[in-house]
Number of protein chains: 2
Amino acid sequence: MTRGDPTPLRSDPALGRVLVTGGMGFIGSNLVRRLDGLGADVLVVDNLLDGQGGNPFNLHGASPRVRVLRHDLRDGAVLPGLLEGRDLVFNLAAQTSHLGSMTDPMTDLSINVTAQLQLLEACRRHAPRARVVFASTRQVYGEARRLPVDETHPTHPLDVNGWNKLVAEGYHQLYHRVYGLRTTVLRLTNTYGPRMRVRDARQTFVGAWIGRAVRGEPFEVWGGEQLRDLCQVDDLVDAFVAATAPALEGGVYNVGGASAVTLRELADVLARVSGGGYEIRPFPAERKRIDIGDFHADDTLFRSLTGWRPRIGLEAGLRAAVDYYREHLAHYA
Amino acid sequence: MTRGDPTPLRSDPALGRVLVTGGMGFIGSNLVRRLDGLGADVLVVDNLLDGQGGNPFNLHGASPRVRVLRHDLRDGAVLPGLLEGRDLVFNLAAQTSHLGSMTDPMTDLSINVTAQLQLLEACRRHAPRARVVFASTRQVYGEARRLPVDETHPTHPLDVNGWNKLVAEGYHQLYHRVYGLRTTVLRLTNTYGPRMRVRDARQTFVGAWIGRAVRGEPFEVWGGEQLRDLCQVDDLVDAFVAATAPALEGGVYNVGGASAVTLRELADVLARVSGGGYEIRPFPAERKRIDIGDFHADDTLFRSLTGWRPRIGLEAGLRAAVDYYREHLAHYA
């Protein structure tokens with residue numbers, strides 16, 4: 001995969017001692033690898049919970065400087081040890097499945113809300129000067145009333161996961177305003193690339209598509225006309241690093257992707273780069289009830305404050321993902 | 001206290017078998033007494049948690065038809081027994097102190113969010129046809145960007161309690177949309193009247209004022225220029241009964257009060273009816289950070305759908321409250 005010049009990041013040059021929660025997951029592990037390459041002192045915590053995105057193989061080949069702890073953040077007793085002395089927290093630990101949040105809402109609540117509030121309380125006590133970058137989601141907007149969706153759009157989630165992520169980002173903002181915690185919230189759109197979960201759609205439908213395409217099976221496209229913007233994970237990692245800039249503290253920022261495409265257009269690109277095929281299916285009823293319809297983000301604010309922009313086109317990004325899973329599928333089966 | 005004609009309620013004439021959560025609290029107990037008077041079969045559940053509004057004396061003199069169970073809704077095991085066969089749930093159990101939600105955020109979360117999600121999950125299974133009226137709060141709006149505040153105003157709470165109530169009302173709406181639960185959300189403004197907590201400001205500052213006024217001590221007014229609308233609890237009980245109308249299902253409605261007053265105007269009325277005095281004090285720092293500033297609700301939508309309107313003027317309402325606590329203060333000390 002060819003990439004353009006690196007994004008001109010205005011983040012602190014010295015990232016210092018970093019904690020990445022959910023650091024063996026899809027986005028988390030890509031971020032950890034980048035930080036490791038930048039020479040940062042990285043501590044990873046992940047619960048490797050079954051059905052979530054954590055996968056030890058995601059950190060395969062990282063330098064010995066990366067320390068990995070298997071803990072569940074819902075166990076508040078581990079938090080002081082994780083936070084003490086940290087300059088920066090990338091807070092990515094989450095339950096990410098929308099449908100999963102409906103079938104097991106209490107687990108989503110415990111991971112996405114209760115553990116988050118505990119973490120912020122522990123930050124107040126044990127790392128009050130640490131910068132905290134929280135991974136939220138465009139799911140907090142619910143159905144888009146206008147496109148593209150900027151940060152002033154009303155927040156009215158359509159599933160338990162969306163409500164839980166909304167309150168967690170609310171806590172992050174509140175702890176900035178009331179206690180001066182240096183928090184920044186990013187609202188992510190659909191992300192794809194190496195190290196995502198591809199055995200099912202628990203992280204995003206794109207993962208399930210790639211998994212089937214790489215196995216030579218046709219993937220299923222539900223509907224097909226919905227608009228989405230997609231962000232390649234290396235671009236998103238750039239955005240996380242850029243989000244450490246002090247000017248962003250206290251704010252909430254959309255991070256979108258390249259230009260919006262319909263699911264059918266996306267499927268055509270994936271079919272082309274993988275040599276596979278797909279089938280159009282009607283939307284399953286239990287997903288239709290929590291589907292947000294068309295979405296693409298207006299991330300002008302984040303781009304203007306950081307200089308960030310996505311560099312990786314959809315075709316190059318999907319080709320790189322397919323190549324990655326052709327080589328490593330056994331670790332994601 | 002003289003009252004006008006009863007509000008022409010469009011609620012179901014037969015309320016049926018009713019559960020009131022938080023039914024020994026301030027608003028809950030006033031509602032239970034009304035339902036009892038209407039001949040309803042009322043089951044009350046309350047945890048009587050120290051520092052909250054529950055008070056056994058609040059149901060003193062209720063008929064033997066009112067059954068009272070002391071349970072904590074955070075114990076999910078009690079929910080099937082509470083819900084089985086219920087036609088109507090008035091869901092008022094809550095942690096209500098804004099400052100308390102900052103000093104003990106995990107308790108606020110467990111009561112106002114975790115227990116609420118459990119309750120809705122249990123409703124799906126054990127009372128899927130019950131109507132559920134949820135007591136939310138104007139605190140979900142945060143600082144008013146325009147006055148009066150209607151339901152389209154952005155929701156951006158300024159304290160943990162506000163975020164937690166917001167997500168709980170979000171769950172109520174979501175469970176209506178996805179599962180057809182017959183939920184209705186009311187966003188309450190400051191409420192006052194007999195049976196409120198008056199030993200401190202954990203329910204509202206008005207309680208603390210009345211408590212001191214009745215004890216012959218000057219009450220403290222912080223600032224004094226902030227606008228508030230206040231709802232007398234008998235009016236609010238009318239609103240809860242009116243909110244059972246099927247046309248309101250799935251919606252979120254402000255329930256405001258009489259016309260807005262400044263805290264100083266309110267203090268003057270209370271001083272006049274109680275014969276006491278007050279002192280103006282600067283806003284304490286830890287409260288200033290979570291104060292919402294001026295607020296009064298636009299509840300046109302609720303009024304137009306139900307015919308409800310507040311009947312009890314501020315002076316008559318405060319006089320009745322002072323009379324109540326002059327007689328019963330020992331039970332609220």
Quiz prompt | Options A:GLY223, A:GLY180; residue that is surrounded by fewer than 20 Cβ atoms within 10 Å (Cβ to Cβ) and modelled with pLDDT of 95 or more | solution = A:GLY180
Quiz item: In the list A:ARG131, A:ARG187, which residue meets the criterion of being among the basic types (Lys, Arg), touching a residue at least 60 places away in the same chain (Cβ under 8 Å), closer than 30 Å to A:VAL214 by Cα and buried (at least 24 other Cβ atoms within 10 Å of the Cβ)?
Solution: A:ARG187
Practice problem: Please verify whether the stretch A:79-92 includes one or more residues that are more than 14 Å from chain B (Cβ to nearest Cβ), crowded, with 19+ Cβ neighbours inside 10 Å and closer than 20 Å to A:ALA201 by Cβ. | Solution: yes
Quiz prompt | All positions within the stretch A:277-333 that are within 21 Å of A:ARG199 (Cα to Cα) and touching a Ser or Thr at 6+ places or on another chain (Cβ under 7 Å) | solution = A:VAL322
Quiz prompt | Lone unmet requirement of (1) over 26 Å from A:ARG33 (Cα atoms); (2) more than 14 Å from chain B (Cβ to nearest Cβ); (3) touching a residue at least 60 places away in the same chain (Cβ under 8 Å) for A:LEU230 | solution = (1)
Quiz prompt | Hits in the stretch A:255-280 - residues which are surrounded by 13 or more Cβ atoms within 10 Å (Cβ to Cβ) and part of a loop (DSSP other than H, G, I, E, B) | solution = A:GLY256, A:GLY257, A:ALA258, A:ALA260, A:GLY276, A:GLY277
Practice problem: May I ask you to verify whether B:VAL66 is within 28 Å of B:ARG199 (Cβ to Cβ), touching a residue at least 12 places away in the same chain (Cβ under 8 Å) and crowded, with 23+ Cβ neighbours inside 10 Å? | Solution: no
Quiz item: Residues A:VAL113, A:VAL149, A:VAL167: which one is more than 20 Å from B:SER101 (Cβ to Cβ), surrounded by 19 or more Cβ atoms within 10 Å (Cβ to Cβ) and of a type outside the set (Ser, Thr, Tyr)?
Solution: A:VAL149
Exercise. Answer yes if at least one residue in the stretch A:297-311 is under 30 Å from B:VAL178 (Cα atoms) and without any contact (Cβ under 8 Å) to a residue 24 or more places away in the chain, and no otherwise.
Key: no
Quiz item: Taking the stretch B:95-107, which residues are closer than 12 Å to B:ARG74 by Cβ and either within 12 Å of another protein chain (Cβ to nearest Cβ) or aliphatic (A, V, I, L, M) (or both)?
Solution: B:MET106, B:THR107
Practice problem: Answer yes or no as to whether B:ARG212 is within 14 Å of chain A (Cβ to nearest Cβ) and either in contact (Cβ under 8 Å) with a residue 24 or more places away in the chain or assigned to a helix (DSSP H, G or I) (or both). | Solution: no
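Only residues that are farther than 19 Å from A:LEU166 by Cβ and within 14 Å of chain A (Cβ to nearest Cβ): list them for the stretch B:125-144, please. Can you show your working first?
Residues of the stretch B:125-144 that are farther than 19 Å from A:LEU166 by Cβ, as a first pass: B:125-133, B:135, B:144.
Once the filter is applied, which keeps residues that are farther than 19 Å from A:LEU166 by Cβ and within 14 Å of chain A (Cβ to nearest Cβ), the stretch B:125-144 yields only B:ARG125.
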Exercise. Working only within the stretch A:152-177, note down all residues that are facing another protein chain (nearest Cβ under 7 Å) and of a type in the set (Gly, Ala, Ser).
Key: A:GLY170
Exercise. Could you please let me know if A:VAL322 is under 25 Å from A:PHE240 (Cα atoms), surrounded by 15 or more Cβ atoms within 10 Å (Cβ to Cβ) and either of a type in the set (Val, Ile, Thr) or at pLDDT 95 or above (or both)?
Key: yes
Quiz prompt | Residue satisfying condition, being of a type in the set (Val, Ile, Thr) and modelled with pLDDT under 95, within set A:THR107, A:THR96 | solution = A:THR96
Self-check item: Members of the stretch B:158-186 that are in a loop (DSSP other than H, G, I, E, B) and either at positive phi or under 16 Å from the mean Cα position of the chain (by Cα) (or both)
Solution: B:GLY180
Quiz item: From the list A:THR191, A:THR155, which one is touching a helix residue (DSSP H, G or I) at 6+ places or on another chain (Cβ under 6 Å) and assigned to a strand (DSSP E or B)?
Solution: A:THR191
Self-check item: The one condition in (1) under 20 Å from the mean Cα position of the chain (by Cα); (2) part of a helix (DSSP H, G or I); (3) within 27 Å of A:GLU217 (Cβ to Cβ) that A:ILE312 fails to fulfil
Solution: (2)
Exercise. Go through the stretch A:281-309 and give me each residue that's assigned to a loop (DSSP other than H, G, I, E, B) and either of a type in the set (Asp, Glu) or more than 25 Å from A:SER97 (Cβ to Cβ) (or both).
Key: A:ASP291, A:ASP294, A:ASP298, A:ASP299, A:GLY307, A:TRP308, A:ARG309
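Has the stretch B:73-85 got any residue that is among the basic types (Lys, Arg) and more than 25 Å from B:ALA40 (Cβ to Cβ)? Steps first, please.
If we filter the stretch B:73-85 for residues that are among the basic types (Lys, Arg), which is where we start, we get B:74.
Remaining after also requiring more than 25 Å from B:ALA40 (Cβ to Cβ): B:74.
So far as the stretch B:73-85 goes, yes, one or more of its residues are among the basic types (Lys, Arg) and more than 25 Å from B:ALA40 (Cβ to Cβ).
The values are calculated or read from the model by the stated rules, or taken from the named source; none is laboratory data. All of these numbers come straight from a predicted model, not from anything done at the bench. Note: ideal-geometry Cβ built from the backbone for every residue, glycine included; neighbour counts use all protein chains shown.
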